[in-house]
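Read-outs throughout are calculated quantities, based only on the coordinates presented, and are distinct from any laboratory measurement. No experiment lies behind these values; they were computed from the predicted model shown. Every residue, glycine as well, gets a Cβ built from its backbone with ideal geometry; the counts of neighbours run over all protein chains shown.
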Amino acid sequence: MKNKNEAIMASDQSDRTDRFEAKRELIISAAAELINERGVKGMTFVDVGRMVDLNTTSIAYYFKRKEKLAEAAFHRTLARIEREVDEAAAKDSPRARIAHYLELTFDRIAQQRAGTYPPEAALSDIRAMPDDTRERLLGEFVGMFRKARGFFGSSDDPVGHADLTARTHIFLEFTYWLPVLLSDYSRTDFVRVRERCFQLIEQGIAAPGHDVSPMDLPQPAEAEGEGQERGLSDFLEAATRLINERGYRGASVERIASQLNVTKGSFYHHLEAKDDLVMKCFAASYDRVSAAQRVALAEDGSFLDRIAGTAGSLVHAQFEGERPLLRTTAMGVLPPRMQQMVLERSDWMARRFAGMMIDGIAEGSVRPIDPLVASQLAMVMLNAAWDLKNWAGRRDLDLATRLYTAPLLHGFFQPPAKG
């Protein structure tokens, strides 16, 4: 009888544990959805509770503070990425590792679209977390990143090591962007798109036998502006840097004004609200991409050279850090209508790259690739360059720019560069 009672008690305890974990996972999923829609600051226990049919006291039983819930949501995303990295890393070659990781990524996105995989918190809002939590999560990310860098091999040469870091950063950022890219495709097209992605990663866009000739593009003309126009430009540059570094919520009006040594009231003299600020930052960033593309198209040279010149010019500016492009992840805090406007403008820039690639294919300087996929990789590369600003600052900027743009041009599987 004693053994029977113990078995019943153990079974009851197991059931309670399972129910606890199941409810905890539902709470994390709800929090992840809200973080993606509103950012960490916009996620509340009240809204999470409404989504899982619990009151705030019950939510607090699982997570004492909102920050702990947000941390759990980010941790779940990072843990999943690391599991997939570990699985892919077990393959016996760089090509096999990348191919397998892409397969895992596409399968998960298909499951998420079908509603059979739980929502995940995008990692971009980690920068909005309190300092100690942010450092823990970034520590997890760095550990995962180092494993992923092994996809491409290793190098004892400092330049070669930097080269592998750049490849890994661009590749991972591209996989984070895939849910957005794939939103324009049916699930029945996923296998074909995955094959096109791998082809691009393997070969790059440069046609065999066509080396890239360095194209030193002049910077596009920019009106100096004065008075209110000049003041707005200063605000946009300061705001873009802060949003890229700290996220939307961390780039407070006070911080922006403090960087420019002006009053908070000066902000509202130029802008009505922070959403207005973000939209103008995006517009300014895309204006710069568009201007660089137009300058390149007006130059002599192959279309491959023009694409490389545009990318190199913008990446170099990103690494210098004075006038960065606003990270696309900042759109996550905007209302849906504004998000759509941002994506539409981004697509305009991507389509111009795609047009240059199509002309390059006809010309023979660009290999036959899917220009829609390749143009998205180009935009991801430009968008993500800001994150490697410190990496670039530790070496010659021209070298850093060449290392960073090489994967788009020549593929990700070239032997590591040497110093």
#### Entry: Amide H within-cut-off set for V366, under 5 Å, with H built and near neighbours excluded
A207, I361
### Summary
Ranked on Cβ counts within 10 Å of their own Cβ, fewest leading, T175, T310, T188, T56 go T188, T56, T175, T310
### Message
For the pairs K41/K280; K23/K68; K41/K66; K23/K64, flag any whose C-alpha to C-alpha distance is greater than 20 Å.
### Response
K41/K280
### Query
Ranking L164, L326 by Cβ neighbours within 10 Å, fewest first, what do you get?
L164, L326
### Query
Of the GluC sites (Glu not before Pro) in the range 307-349, which ones lie in a loop per DSSP and count no more than 11 other C-beta atoms within 10 Å?
E322
### Message
Taking 8 Å as the Cα distance limit and 6 or more residues as the minimum spacing, I'd like the relative contact order of the range 2-153 as a percentage.
### Response
28 percent
## Note on the structure
Only helices counted: for the chain, with every DSSP H run of 4 or more residues adding -39500 (n - 2.57) and the sum spread over all residues, [θ] at 222 nm is -24000 deg cm²/dmol
### Message
Counting other beta carbons within 10 Å of each residue's own, what order do R108, R194 fall into, fewest first?
### Response
R108, R194
### Task
Would you compute, for the Cα atoms of the range 73-219, the largest minus smallest coordinate along each principal axis and list the three values in descending order, in whole Å?
47, 42, 41
#### Entry: Radius, Kirkwood style, for the chain when every pair of distinct Cα atoms is counted (Å)
23.2 Å
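Taking every pair of Cα atoms in the range 2-153, average 1/r, invert it to obtain the Kirkwood radius, and report Rg/Rh to two decimals.
1.06
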### Task
Mind checking the full-extension length gain between M338 and A283? Use 0.36 nm per residue of separation minus the Cα-Cα distance, one decimal, nm.
18.6 nm
